[in-house]
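Accompanying notes for the structure given below.
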């Protein structure tokens, strides 16, 4: 009987131990979040499907490399047009895309300007019909629509220019209106 009593007490003790809930410890904390949103405009250059392949397409610092070109003969890069103008000059033309986006401001359009980084007294640099110089920024559009706009780059080289490398940088600025 002592054994039955002992086993009974053990069973009650075990049941009591199992049914007693375990107590968990907890801790809590908070994080205060602050942010100041600033308005912004982005400008990127993208290879146009009908234009020369841009190095760094999709960035704000692209390159347009024509390689070795010549007025008569030679190889014209894919999606580039070469035009010989009598005995005066020749021109390379190709479309490229400018993508301007705006965030966190009310602006229905933008102004886009371009300027040559370094003066070029020999060649003529144009975006569309607008001549680009280093003297001052030329306005390409005063009311550009956000998104992608196709522009045509034109480089006119006079026959009197010496053979050699042509290198310059076109600086673009998009300003939300």
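The values are calculated or read from the model by the stated rules, or taken from the named source; none is laboratory data. Please read all numbers here as calculations on a predicted model, not as lab measurements. Cβ: placed from backbone, ideal geometry, glycine included. Neighbour counts: every protein chain shown.
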Just checking, does the stretch 124-137 include any residue being touching a residue at least 60 places away in the same chain (Cβ under 8 Å), over 24 Å from the mean Cα position of the chain (by Cα) and closer than 24 Å to residue 81 by Cα?
no
Can you run down the residue pairs with Cβ atoms below 7 Å, 6 or more apart or on separate chains, where the first is in the stretch 11-36 and within 30 Å of residue 104 (Cα to Cα) and the partner is part of a loop (DSSP other than H, G, I, E, B) and at pLDDT below 90?
none
Here are some conditions: (1) modelled with pLDDT of 95 or more; (2) more than 30 Å from residue 146 (Cβ to Cβ); (3) in a loop (DSSP other than H, G, I, E, B). Residue 24 meets all but one. Which one does it not meet?
(1)
For the stretch 37-55, enumerate the residues that are free of Cβ contacts under 8 Å to residues at least 24 places away in the same chain and within 26 Å of residue 109 (Cβ to Cβ).
49
Evaluate the following for residue 151: is it farther than 26 Å from residue 77 by Cα and surrounded by 15 or more Cβ atoms within 10 Å (Cβ to Cβ)?
no
